[in-house]
Structures are given as structure tokens and as C-alpha cells.
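Structure first, then comments.
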């Protein structure tokens, strides 16, 4: 059997880092972890190829080679999915689809032959069993159960063109103990945090190491510290030991909840294991809005102080922020700006609230007859899929006001300085200067320091870093390049965004 795995193209979004990747000569931020995990579950004698449309073109002869196309997608990749399906139809190749988009929207894709929905560790073996035993294949394989991750295999990392990616990915756990109204994670993966064991994770790190991967590794869990007990007592000690033996070949970033700030020993352990940053859904500094969307983990705490505690412990914090809650008033825009600027959160992803399918918020909007269109899956493209309580034009203007006041050059570089005053990184013996970083610096000088309108602010910031925080010079270059990407995505490098 010949299987072609296709990963759809991402549009130009906040997290695509498309405009920043050019500085380091990479084509995509992260690889398609779901597809290469599925690949590991297929029979050994099957031939398999992977085409990630974010790094290469799909050629007709590759399509014609395949008996089956395996397709996985997130909501934001819908446009690319439509293009892929049209080409598969032209070549008369059968399509088997899974992943978040199809788990929620399989009814919208009559042209797909078979769906492997929910978690592939459970539903893929059912499909394979029917196929190998010559039984009639069902159109939909689905389950209400959640997978035991101790049976999840090491992904087929060898299928990847490693040089094309800025970071590799591993998954430690699935599920989240929290239940925010606007988040579909628990609808897809449940509340119970299910984990791989430490031996599995070490095996994945070892595989990447043997493939000569060095540098960034993203832990893609929706909440890495969802089961703090196992993370602290089993996984982090094993990771730290492995990293020391291998002279710290990787640096890790994760997603965590804000209660990470409450545990000094956990912060210290993460830093010692090679973690350098975490993404936290902060959402809003408005207590009433946090309560209304059941973001209980963020309630009744000093969010600003918590962010500073994590930075002081040596981890950068990137954050998610939302405007458009029913309880938001016109004061929310300036409050968001003030919080973001004071926090030193350089990568502050601010979006208008959307209601993804199968969330409590979606059900509420449906009951109140406020749904308008399908969500795009990108929370930074100025769109909403329901009628907000605040006047929509006022909301969009306020949102634009936030973007202008956090991503234009002057406030952006000021925010990085705020981080640098507070940030206490530990390098763990990793080499600071390499060819890629050197080239990124020279390119940043050319693009940001010579071509761009904000060049004065760039040079002022670089000079300030050299004088005040020379140890953070590499971080300064990295963040300057991020800023270029963010301004491009938000339309600030050209003209004001048209609504």
C-alpha cells in the first residue's frame, strides 16, 4: 500500500511566523506532528511519503503514485484543504481524513472517502483491521473514548525535511483540567490530562537527536502543567538528566496556565530541563470578563505580577489576549494596552473573540441567535463569527487601537526593554552565536535598520541593548525580527487595516 500524507498550507497568520522565517532561511515554523504520528501507526510494509505544503509543492506524479491520501487539518487551513481535495478528485485518488477540522466538520466534506476521527490511536486500528481483513470499509470511524497515550508511538520524524523547519514538536499530554467557554480543547480532548510516560518522551528526544536536530523543540500540549505531579516527579527530572548527558542540544517552549507562577520549584525545574519560554492564555485584565467566560485559573490573582515572576525565573512569556466579551466596555482597549506594555510580553497575540464549534460560547450564541458566519480559525484577522454586545464598529476600532499601540515600532521596542529589565535567562551551556543567527542579524540590519521606516527605533533599541543588556543581544535580534512579522500580519507596515 502506498500512502501519501498531505499537510495543508497555513494562511499568513500570527503564528505562521512567515515573515520572520525568511530571516533564518526556514520555510515553516513547526512540522505536521499529527500526520507523522499517524504514519508510525501504519503497517511497516506500507510505503509512505509526506508532502507539507508549507515547505514544498504537491506534484501530480506524487499524487498519482499514491493508493491513498491521508489528510489532516486545522480550521485555519480550510482553503488549502479545498484545493487539495480538488486535485485528489482530478487524479481519482482516495482520501482518508482526520484531525480537528474533520472531527468537527466531516458533514461538510462529502467528497472524502473515509474519516478517521477523534484520536487515531483508537480509530485508525479499526480502519486498518477492516482493510486488512477484507471487510467493507466504513465511511466514518469515530469514538467517544479517549486514547491511552502510553500506546502512542514515536512519530516518524525521519519523513521530515528537518532543515526546512524552525522548530520540532513533541506531545507529552492531551486534555486540559480547565474549561473556558471559548475553547474547544476539552470538547475535542476532554478534561482528564492523559500523558505519555517519561520513557516515551526520552525516546522521542533521542530520535530527534540522532537525526541531528539541534535547537528549538515545541511541546504542543495545550497545558504542559495540567498534571503537575507527574511533570515534577517523573518527566522533568528525566529530561534534565538526558539534556545534561547530551550537552543541552535543545531548548523547549510550552503552553501552560498562569498558575505556573505559583510554583517556584516547578519553574526552576523547567528552566533546568531547557525550557526557555511559555505561552499563557491571559485573555483580559478585566476580572468580570474572566468570570463570565469561566477562566477560573486567571481569577483573583495579580496577573501582571505572575508574568513577572515567570520572567524572573528565566522563562519568556508570550500571551493570548481577547477583546469582545459581553462584559467589555470601551475602557477595555486601554486596559489591554497598559497591561501588555507593563508586562513585557513581547509576543502578545490579541484577537477579537470568536465562538468555535462545540464550545459553551458557541451554544450560547446559537441560543441567543447571534451567530453570523463560520469562524475562520485565525483570531487575529479582524473577524468575529457572532454579533457582539458592543457596537461592532467601535469594537473593531478599539481593537485596531490596541494593535497600533503595541506593535508600532516605538511601543514594541519599549516593551522588549521592559522584558529585559526583568528577564533572567539561563543559557545551560548552549552556543550563543551560530551561522544562522549571524545571518539573521545581518538581514535584520539590512531590512529593519536600512529599508524600513522604523529604522531609527531599531537602532536606538539595538544600541540600548549593547550598552545595558549585552547578554541579551541575540534575544534582541530575535524579537526585532518577530516585530517585523507581527507588523506585516497586522497590516502596520503598509496602511491602516481596512475593515
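Bear in mind that the values in this text are calculations on the coordinates, not laboratory data. Please read all numbers here as calculations on a predicted model, not as lab measurements. Cβ placement follows ideal geometry from the backbone for every residue including glycine, while neighbour counts extend to all protein chains displayed.
Available extension along the chain between residue 1 and residue 229 is 77.8 nm, counting 0.36 nm per residue and deducting the alpha carbon span. Here the Kirkwood formula, the inverse mean of 1/r across different C-alpha pairs, assigns the range 216-265 a hydrodynamic radius of 11.9 Å. Give me the distance in nm between label points sitting 7 Å out from Cα along the Cα-to-Cβ direction at residue 370 and residue 426, one decimal. Taking the simple label geometry, residue 370 and residue 426 are separated by 4.6 nm. Considering only alpha-carbon pairs that sit under 8 angstrom and 6 or more positions apart, the relative contact order computed for the range 343-460 is 27 percent. With contacts taken as Cα pairs under 8 Å and at least 6 residues apart, the chain reaches a relative contact order of 13 percent. The simple spin-label model puts a point 7 Å past each Cα toward its Cβ; for residue 268 and residue 24 those points are separated by 3.0 nm.
Our Cα-only numbers for the range 2-141 put the radius of gyration and Dmax at 15.1, 52 Å. For the range 305-350, the convex hull spanned by the alpha carbon atoms encloses 72 Å³ per residue.
Does anything in the range 55-95 have its amide N under 16 Å from the 7 Å Cα→Cβ label point of residue 161, and if so which residues? In the range 55-95, the label zone of residue 161 (backbone N under 16 Å from the point 7 Å along Cα→Cβ) covers 55-63.
By how many degrees, 0 to 90 and rounded to 10, does the Cα axis of helix 473-489 deviate from the longest principal axis of the chain? Tilt of helix 473-489: around 70 degrees. For the range 435-489, a Kirkwood radius taken over Cα pairs fed into Stokes-Einstein (37 °C, viscosity 0.692 mPa s) yields D = 291 µm²/s.
Just so you know, the averaged projected area of the alpha carbon convex hull for the range 355-499 sits at 11.7 nm². What separates the Cα centres of the range 226-282 and the range 110-180 is a distance of 26 Å. Antiparallel DSSP bridges in the chain: what percent, to the nearest 5? Once the DSSP bridges in the chain are tallied, antiparallel ones form about 5 percent.
Segment residue 135..residue 211, full-extension length gain: 23.5 nm, with 0.36 nm per residue of separation and the alpha-carbon distance subtracted. The alpha-carbon positions of the range 198-346 define a convex hull whose volume is 111 Å³ per residue.
Roughly how many whole Å is it from the C-alpha centroid of the range 309-324 to that of the range 436-464? Here the answer is 25 Å between Cα centres. With the alpha-carbon atoms of the range 149-422 aligned to their principal axes, the span from lowest to highest coordinate is 57, 42, 37 Å, starting with the largest. Relative contact order of the range 2-141: 24 percent, from C-alpha pairs under 8 Å at least 6 residues apart in sequence.
By the beta-carbon count within 10 Å of each Cβ, the least crowded to most crowded order of 294, 114, fewest first, is 294, 114.
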